[in-house]
1. Rolling a 1.4 angstrom probe over the protein heavy atoms, how many square angstrom per residue are accessible across the chain?
2. State the label only: which of (1) -0.37, -1.09; (2) -0.81, -1.13; (3) -0.54, -0.98 corresponds to log10 I(q)/I(0) by the Debye sum over Cα atoms at q = 0.07, 0.12 Å⁻¹ computed from the shown model?
3. Would you mind computing the Rg to Rh ratio of region 39-115 from its alpha-carbon coordinates, Kirkwood style for Rh?
4. Within the chain, which cysteines find no other Cys whose Cβ is under 4.7 angstrom from their own?
5. Say each of residue 281 and residue 325 gets a label point 7 Å from the Cα, pointing the same way as Cα to Cβ; how far apart are those two points in nm?
6. Tell me the label-point distance for the pair residue 338, residue 218, using the 7 Å Cα-to-Cβ offset, in nm and rounded to one decimal.
7. Using a Cα-Cα cut-off of under 19 Å, which lysines could be cross-linked to residue 116, ignoring same-chain neighbours fewer than 8 residues away?
8. Compute the helix-to-body angle for 43-149: its Cα long axis versus the longest principal axis of the chain, expressed 0 to 90° and rounded to tens.
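The values are calculated or read from the model by the stated rules, or taken from the named source; none is laboratory data. These numbers were taken from a predicted model, which means no experiment stands behind them. Glycine gets a Cβ as well: all are built from the backbone with ideal geometry, and neighbour counts include every protein chain shown. To get the accessible areas, we keep the full protein, side chains included, count just its heavy atoms, and leave off ligands, DNA and RNA. Shrake-Rupley method; radii C 1.70, N 1.55, O 1.52, S 1.80 Å.
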Amino acid sequence: WRPNLLHKVVSVPPSSDKQFNPTGRPPTILPASRSTLHARYSTRDWHHANMVQLKGSEASRYSAGRLNADSMRLIQDKDQLTYRMQEDSRRNLGERISNIDFWRSELVYELECLLKATQDLETAKKRLECAADEMQGPLKVALECLYHREKRKGIDLVHDYVEKNLIKEVDVFKDCQEILTKLAQKISKQLGINRDAQHALEQDLSDKNSAHFIDEKCFNLRNTSDSINFYHGVEKADGTVSVPATWAKFSEDNIRCSQHARANSVKLREEAEVGLESTSEEMWNHFISTNLAFNNRIAEVADAKNKLQAQLAKILQEIFQTEDTIMLLERSIKAKEYPLKVAQTRLEGRTRRPNIELCRDAPQFQLVTEVYAIDDTLHTLKRRLQEAHDTLQMLILNKSKLEQEISVKANSFFIDKKCMDMRKVFPSTPRLIGY
């Protein structure tokens, strides 16, 4: 609101000096302090403000008079109400303390039972872990046997009963280890559930101890106590999170959860006992079966090696005889060269007979026949010599193969014996079931 003025202040824009002025006179501009010489309110405004102030003061005085008249009656009523409310609160606090004592005793009993079940379950878990660790040794031996048997050579790299039993044994050990590991993991999860239930019981018990202490302290407070004080606004800050029904149900649920955890713990302990006994028996059976297969295979390899050595001795004897035959054939071929030279020389000399003397007579026929016969004999002997060389090479090849096979059998025999030496030690049954 601004008062109505008879004159208005002329405002000139900053750029007015650049505009065209047809009169040639400068514009009239009032000083800036001119506006402070005019009043801000009218007389009517002044009278209205005074009337509002008087009416407000009259209303306040009237309210104060009514308040003073009702105060005495209110004081008496509130004194009686305050006394009754204080007695009711004290009685309710006493009942609340009794309820807390009841649930405290229930929680203490359930917590003791849960701690005992958790301790037994931890013992079962340690047995499972010890049994699983104990299986690592036999499993490592079985794997090393498989790795050593991979060093067999040639035809001895056969998928025999020993290898089948070793593979099955490794699978059985791994399966048993996995069964025990899974049981241990299930027990670990159950131990986590037990710890959660234990934490809930302990937290609930701790809260009830604190609540019991606080409520007992509140129960013993009197109007003459030294520790009382004002806490303004505390009644408006409602920090409660439960009602009596949900409060009791909370402890009941904690106890029920703990009982369920104890039941699962007993079931898992029984499963652990059965698993330890069954896996121990199964591993022993496969260990014995694999050892029997090893013994049979070692006997087979030894028998095959002996037969191959006997055959090698016969091959060596045949090689010696074949080398003698080759030597005799070479001598015989060498001996036929001179008669052939004589016959061919005679025929060559008779070709120089003059004119009519070149007669195809009986000596000519005999010499030609002799040359052809000797040539045929040489071809026959050379073919036989080649056959003898081929036979010798075949015998030498067989000798090499037999020696190689004997070496392979000796290597396999050594490997299987080494594996049997590694398998002399196996964990006892008590150690396999975690003791």
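1. With all protein chains present, the chain gives 71 Å² per residue.
2. (2)
3. With Rh from the inverse mean 1/r over Cα pairs, Rg/Rh is 1.61.
4. So far as the 4.7 Å Cβ criterion goes, 113, 130, 176, 218, 257, 359 stand without a partner in the chain.
5. Taking the two extended label points, one gets 6.7 nm.
6. Label at residue 338, label at residue 218, 14.2 nm between them.
7. 125, 126, 186, 189, 267
8. Compared with the principal axis, the helix lies near 20 degrees.
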